[in-house]
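The structure appears below as C-alpha cells.
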Amino acid sequence: MKAVVYTEYGPPDVLQLKEVEKPAPGDNQILIRNQATTVNIGDIWARNFKAITPARFTMPLPLWLPSRMYFGFTKPRISILGSEFAGEVEAVGKDVKRFRKGDQVFGYRGQSMGANAEYLCMPEDGLVSIKPVNMTYEEAATVPYGALTALNLLRKANIQPGQKVLINGASGSIGSAAVQFAKYFGAEVTGVCSTPRLEFVKALGADRVIDYTKEDFTRNGETYDLIFDILGKSSFSSCKNSLKQNGVYLLASFKSKQLYQMLWTSTTPGKKVICALSSENLKDLLFIKELVEAGRIRSIIDRCYPLEQTAEAHRYVENGYKTGSVIITMENNNKKEKR
Ligand SMILES: NC(=O)c1ccc[n+]([C@@H]2O[C@H](COP(=O)([O-])OP(=O)(O)OC[C@H]3O[C@@H](n4cnc5c(N)ncnc54)[C@H](OP(=O)(O)O)[C@@H]3O)[C@@H](O)[C@H]2O)c1
C-alpha cells in the first residue's frame with residue numbers, strides 16, 4: 001500500500017510517499033481501506049518534534065520528556081503520521097462482532113497515528129464507529145480530534161445551559177468544535193479569533209465574535225461563567241475580572257504555573273482554574289456521531305490534498321493559513337472545497 005512515511009525530523013519535505021507493507025488485522029481488529037485523513041497541529045509537531053523545546057511545549061515540563069521519548073529522541077519512532085481517518089472496512093478478524101466488511105467507518109488513533117496511509121487496522125473496541133450517514137468520508141475524517149477533545153474538556157468544566165461562555169482560539173480544531181458543543185449545551189457563546197476567521201466562527205454558531213487583533217476581551221467589561229482558552233494565550237490574572245463570581249477558567253494548554261493555580265483555586269471559594277487533559281472514549285465518539293446526524297455538529301473543510309501532496313498540506317497548516325479542516329484524500333482528486 002501507499003503511505004506517507006518520515007524517517008527523520010524536519011520540514012515538510014521529510015514526508016515521502018512510499019510503498020509499505022499492507023497491515024493485516026488481528027483476531028479482534030478490522031482492516032480499513034482509508035479514504036480520508038487530516039493534518040492537525042499534532043501532526044506538524046510530531047513531524048519535527050526535535051524542534052519542540054521545553055519552552056515551546058504547551059504542557060507542563062514533566063510531560064515533555066515522556067512525550068519526547070514517545071515520539072523519538074533523535075529520530076521519529078512513529079513513521080506514519082495522521083490521527084483521524086474515515087474509510088471502508090475491508091476485512092475483519094475472526095473475533096470481531098461490531099463491524100462487517102463494507103461498513104463505512106470513521107475514527108481516531110490519537111498519538112499512535114498511522115492514518116496517512118491507504119490502509120490501517122483498528123481494534124474493534126478502539127475509537128472507531130460507523131460513519132455519520134450525512135457526512136462524506138472527507139467530512140467525517142475532520143470530526144474526531146476536535147470534537148472528542150472539546151466535548152471532554154467542556155464536560156470537565158461542567159458547562160450548563162444559559163451560561164455565558166467565551167472560547168479563546170475558536171477558529172482552531174478544538175475551538176471550532178467547542179463553539180458548537182457550547183451552543184449544543186445551551187450556552188451563549190462568544191468566539192475569539194483573528195480577522196480572517198471571524199465569518200468562519202460566526203458560521204459555526206457563535207452568538208458573538210471578538211477579533212483579538214482589535215479588541216482585548218479581558219478589557220471590554222463583559223463577564224463570563226466559563227472562559228475556555230485552547231492555546232493558553234491569556235492568563236488567569238488577566239481574565240479574573242472577565243469571570244463571574246464562580247466562573248471557571250478552563251485551559252487545554254497549560255504549564256506547571258497553571259496547575260498550581262488550579263490547586264490553589266480548588267481550595268478557595270470563587271473563581272476556579274481547570275487544567276484538563278482529554279481522555280477520549282468510544283462512548284463520546286458514538287455520542288458525537290449522533291450529534292452530527294442530528295445536524296448539531298458540522299465540519300467545515302478548507303482544503304483537500306491527495307496523499308502524495310501531504311507535505312504541501314503540512315506547509316499550509318504550519319503557516320497558519322487553515323480556516324477549517326485540511327484533508328488528505330486517498331484518491332487523486334486534488335479537489336479544493338470552500339464551504
Ligand atoms: N488538554 C488536552 O487534552 C489537549 C488535547 C489536544 C490538544 N491540546 C492543545 O490544544 C492546542 C491545539 O489546539 P487546536 O488543535 O485547536 O489548534 P489549531 O487547530 O492549530 O488552532 C489554533 C487556533 O488558535 C488561534 N490563535 C492563534 N493565536 C491566537 C491568540 N493569540 N488568541 C486567540 N486565538 C489564537 C488560531 O487562529 P486565529 O488566526 O484565528 O487566531 C488557530 O485557529 C495545543 O496547544 C495542544 O497542546 C490539548
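The values are calculated or read from the model by the stated rules, or taken from the named source; none is laboratory data. Worth saying up front: this structure is predicted, and the values here are computed from it rather than measured. Note that we place each Cβ from the backbone using ideal geometry, even for glycine, and neighbour counts take in every protein chain shown. Surface accessibility is based on the protein's heavy atoms, side chains included, excluding ligands, DNA and RNA. Shrake-Rupley method; radii C 1.70, N 1.55, O 1.52, S 1.80 Å.
Of the residues Pro76, Pro25, which single one is out of contact with any Pro (no Cβ under 6 Å at 6 or more places or on another chain), modelled with pLDDT of 95 or more, away from the ligand (no atom under 16 Å from the Cβ) and closer than 29 Å to Cys275 by Cα?
Details: Pro25 fails: closer than 29 Å to Cys275 by Cα.
After ruling out the rest, the residue left standing is Pro76.
Given the residues Ala177, Ala203, Ala187, which is the only one that is touching a strand residue (DSSP E or B) at 6+ places or on another chain (Cβ under 6 Å) and among the small types (Gly, Ala, Ser)?
Working: Ala177 fails: touching a strand residue (DSSP E or B) at 6+ places or on another chain (Cβ under 6 Å); Ala203 fails: touching a strand residue (DSSP E or B) at 6+ places or on another chain (Cβ under 6 Å).
Testing whether each residue is touching a strand residue (DSSP E or B) at 6+ places or on another chain (Cβ under 6 Å) and among the small types (Gly, Ala, Ser) leaves just Ala187.
Could you say whether any residue in segment 123-145 is open to solvent by less than 10 Å² (accessible area, probe 1.4 Å), more than 8 Å from the ligand (Cβ to nearest atom) and assigned to a strand (DSSP E or B)?
Checked segment 123-145: at least one residue is open to solvent by less than 10 Å² (accessible area, probe 1.4 Å), more than 8 Å from the ligand (Cβ to nearest atom) and assigned to a strand (DSSP E or B).
From Glu280, Glu290, which residue is in contact with a Leu (Cβ under 6 Å, 6 or more places away or on another chain) and open to solvent by 20 Å² or more (accessible area, probe 1.4 Å)? Outline the logic, then answer.
On the way: Glu290 fails: in contact with a Leu (Cβ under 6 Å, 6 or more places away or on another chain).
Selected residue: Glu280, the only one of Glu280, Glu290 that is in contact with a Leu (Cβ under 6 Å, 6 or more places away or on another chain) and open to solvent by 20 Å² or more (accessible area, probe 1.4 Å).
Tell me which residues, restricted to segment 172-201, are in a strand (DSSP E or B), more than 9 Å from the ligand (Cβ to nearest atom) and either touching a His at 6+ places or on another chain (Cβ under 6 Å) or hydrophobic (A, V, I, L, M, F, W, C) (or both).
Passing the criteria: only Val189.
Which ones in segment 16-48 are in contact with a helix residue (DSSP H, G or I) (Cβ under 8 Å, 6 or more places away or on another chain), open to solvent by less than 10 Å² (accessible area, probe 1.4 Å) and over 22 Å from Leu251 (Cα atoms)?
Scanning segment 16-48 gives Ala36, Thr37, Thr38, Val39, Arg47.
The conditions are (1) within 12 Å of the ligand (Cβ to nearest atom); (2) of a type in the set (A, V, I, L, M, F, W, C); (3) in contact with a strand residue (DSSP E or B) (Cβ under 9 Å, 6 or more places away or on another chain), and Leu151 fails exactly one of them. Which is it?
With respect to (1) within 12 Å of the ligand (Cβ to nearest atom); (2) of a type in the set (A, V, I, L, M, F, W, C); (3) in contact with a strand residue (DSSP E or B) (Cβ under 9 Å, 6 or more places away or on another chain), Leu151 is out only on (3).
Failed condition for Asn168, given (1) touching a strand residue (DSSP E or B) at 6+ places or on another chain (Cβ under 6 Å); (2) within 12 Å of the ligand (Cβ to nearest atom); (3) open to solvent by 10 Å² or more (accessible area, probe 1.4 Å); (4) over 22 Å from Gln245 (Cα atoms), with all others met?
Of (1) touching a strand residue (DSSP E or B) at 6+ places or on another chain (Cβ under 6 Å); (2) within 12 Å of the ligand (Cβ to nearest atom); (3) open to solvent by 10 Å² or more (accessible area, probe 1.4 Å); (4) over 22 Å from Gln245 (Cα atoms), only one is false for Asn168: (4).
Identify, please: which residue in segment 57-73 is open to solvent by 80 Å² or more (accessible area, probe 1.4 Å) and closer than 24 Å to Val4 by Cβ and is, among those, nearest to the ligand (Cβ to nearest atom)?
This residue is Met69.
Taking Gly87 as meeting all but one of (1) over 18 Å from the mean Cα position of the chain (by Cα); (2) small (Gly, Ala, Ser); (3) assigned to a loop (DSSP other than H, G, I, E, B), write down the number of the exception.
If we test Gly87 against (1) over 18 Å from the mean Cα position of the chain (by Cα); (2) small (Gly, Ala, Ser); (3) assigned to a loop (DSSP other than H, G, I, E, B), just (3) comes out false.
Can you name the residue in segment 102-121 that is part of a strand (DSSP E or B) and open to solvent by 10 Å² or more (accessible area, probe 1.4 Å) and, of all such residues, is nearest to Tyr137 (Cα to Cα)? Please lay out each step first, then the result.
Just the residues of segment 102-121 that are part of a strand (DSSP E or B), to begin with: 104-108, 117, 119-121.
Remaining after also requiring open to solvent by 10 Å² or more (accessible area, probe 1.4 Å): 104, 108, 119, 121.
Working: Gln104: 8, Tyr108: 13, Tyr119: 14, Cys121: 17 Å.
Filtering segment 102-121 for residues that are part of a strand (DSSP E or B) and open to solvent by 10 Å² or more (accessible area, probe 1.4 Å), the one nearest to Tyr137 (Cα to Cα) comes out as Gln104.
Please pick out the residue among Ala182, Ala203 that is without any contact (Cβ under 8 Å) to a residue 60 or more places away in the chain, under 24 Å from Ile288 (Cα atoms) and not basic (Lys, Arg). Can you show your working first?
Details: Ala203 fails: without any contact (Cβ under 8 Å) to a residue 60 or more places away in the chain.
Result: Ala182 is the single residue among Ala182, Ala203 that is without any contact (Cβ under 8 Å) to a residue 60 or more places away in the chain, under 24 Å from Ile288 (Cα atoms) and not basic (Lys, Arg).
When Phe99 is evaluated against the numbered criteria (1) surrounded by fewer than 18 Cβ atoms within 10 Å (Cβ to Cβ); (2) assigned to a loop (DSSP other than H, G, I, E, B), which criterion, by number, is the only one it fails?
Just one mismatch for Phe99, condition (1).
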